[in-house]
Amino acid sequence: MPNPFPGMNPYLEHPEIWPGIHLLLISELTKCLSPQLRPKYRVAVEVRLYETAGEKSLLVGIPDLTVKRSQATTKQPMSNVAVAPSPTQPQTVQVPLPETIKQGYLEVREVATGEVVTVIEILSLINKRSGEGRDKYETKRNKIFGSSTHLVEIDLLRKGQPMPVYHSNGQTHYRILVSRGDRRPQADLYAFNLPDTIPSFPLPLKSGDQEPLVDLQVLLSNVYDQASYDLAIDYTQEPVPPLLADDRVWVNTLLTEQQLRSH
């Protein structure tokens, strides 16, 4: 069954599903762009590492540090006989485990010189919440902004704090930023919402070179089909993270019309 949504599928943002979507989109972008960029450019897959632990861990299956309260004991009647105090009962807790998260991104490199011409980033939640992941990414982002390298930044997650840009017309669910090294500080922001088709955008290259058009909607649909996400998603349930009221109504109508949810 194809993706039932005309644009971004909010069910793909679930923290158990998104890491797979991220990896498969990296793969689809590579397969799509490589034939169009040969022989002058090549697409390189790079990996960035993040260390997380404790309450800020984003790993699925590692919950936040919690404390289970012991059950209250039944009150005993007063007695004049001295009783030795009972030993303190232990609480069940969890300890922070250090974990390493790997995040892939793409670099378009000129073959003759090895120069990184364009960086393509697909954001994950670790980039959009406070902590080492966001700090590291913002440091790299600012370094690119101070260079001649182009940056394509794809944000398909509603949750978290969006990456800063200036003079935008308001907040939307999703964003694609295309920042050309020779146009800064101006950049192109493709801002769109849940009901919208994901906009296509040109991949910036060196001046004078033909720039391929990236149809992210098609690539996301390919990922959905190839990995059979229709078999993994229960559309009778609400997506995670949750939707606002108006969006819930729109999603319910859409899924009901496609017989994926009853009234």
Next item on the list: Look through the range 192-205, keep the residues that are surrounded by fewer than 17 Cβ atoms within 10 Å (Cβ to Cβ) and in a loop (DSSP other than H, G, I, E, B), and return whichever of them is nearest to the chain's Cα centre (by Cα).
Entry: Asn193
Next item on the list: Inspect the range 183-191 for any residue being within 13 Å of Pro4 (Cα to Cα), among the charged types (D, E, K, R) and open to solvent by 40 Å² or more (accessible area, probe 1.4 Å) and give the result as yes or no.
Entry: no
Next item on the list: Would you check which residues across the range 141-182 are under 15 Å from Gln103 (Cβ atoms) and either open to solvent by 40 Å² or more (accessible area, probe 1.4 Å) or in contact (Cβ under 8 Å) with a residue 24 or more places away in the chain (or both) and list them?
Entry: Glu153, Ile154, Asp155, Leu156, Leu157, Gly160, Met163
Checklist line | Any hit, the range 244-262, residues being assigned to a loop (DSSP other than H, G, I, E, B), within 15 Å of Trp18 (Cα to Cα) and of a type outside the set (A, V, I, L, M) | finding: no
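Examine the range 240-263 for a residue that is among the charged types (D, E, K, R), surrounded by 13 or more Cβ atoms within 10 Å (Cβ to Cβ) and at pLDDT below 95, and state whether such a residue exists.
Among the residues of the range 240-263, at least one is among the charged types (D, E, K, R), surrounded by 13 or more Cβ atoms within 10 Å (Cβ to Cβ) and at pLDDT below 95, which makes the answer yes.
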Note to self: Considering only residues that are within 17 Å of Pro2 (Cα to Cα) and touching a residue at least 24 places away in the same chain (Cβ under 8 Å), which ones fall in the range 243-263?
What the structure shows: Val251, Leu254, Leu255, Gln258, Leu260, Arg261
Check: Would a scan of the range 207-221 turn up a residue that is open to solvent by 40 Å² or more (accessible area, probe 1.4 Å), assigned to a strand (DSSP E or B) and without any contact (Cβ under 8 Å) to a residue 40 or more places away in the chain?
Finding: yes
Note to self: I'd like to verify a number: residues in the range 149-178 that are within 18 Å of Asp135 (Cα to Cα) and in a strand (DSSP E or B), how many?
What the structure shows: 4
Note to self: So Pro39 ticks every box in (1) in contact with a strand residue (DSSP E or B) (Cβ under 7 Å, 6 or more places away or on another chain); (2) open to solvent by 100 Å² or more (accessible area, probe 1.4 Å); (3) at pLDDT 90 or above but one. Which box is left unticked?
What the structure shows: (1)
Next item on the list: Would you mention how many residues in the range 101-129 are open to solvent by 10 Å² or more (accessible area, probe 1.4 Å) and either of a type in the set (D, E, K, R) or without any contact (Cβ under 8 Å) to a residue 40 or more places away in the chain (or both)?
Entry: 9
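The values are calculated or read from the model by the stated rules, or taken from the named source; none is laboratory data. For clarity, every value in this text was computed on a predicted model and none was experimentally measured. Heads up, the Cβs are rebuilt from the backbone with ideal geometry, glycines too, and the neighbour counts pull from every protein chain shown. Keep in mind that these areas ignore ligands, DNA and RNA; they rest on the heavy atoms of the full protein, side chains included. Shrake-Rupley method; radii C 1.70, N 1.55, O 1.52, S 1.80 Å.
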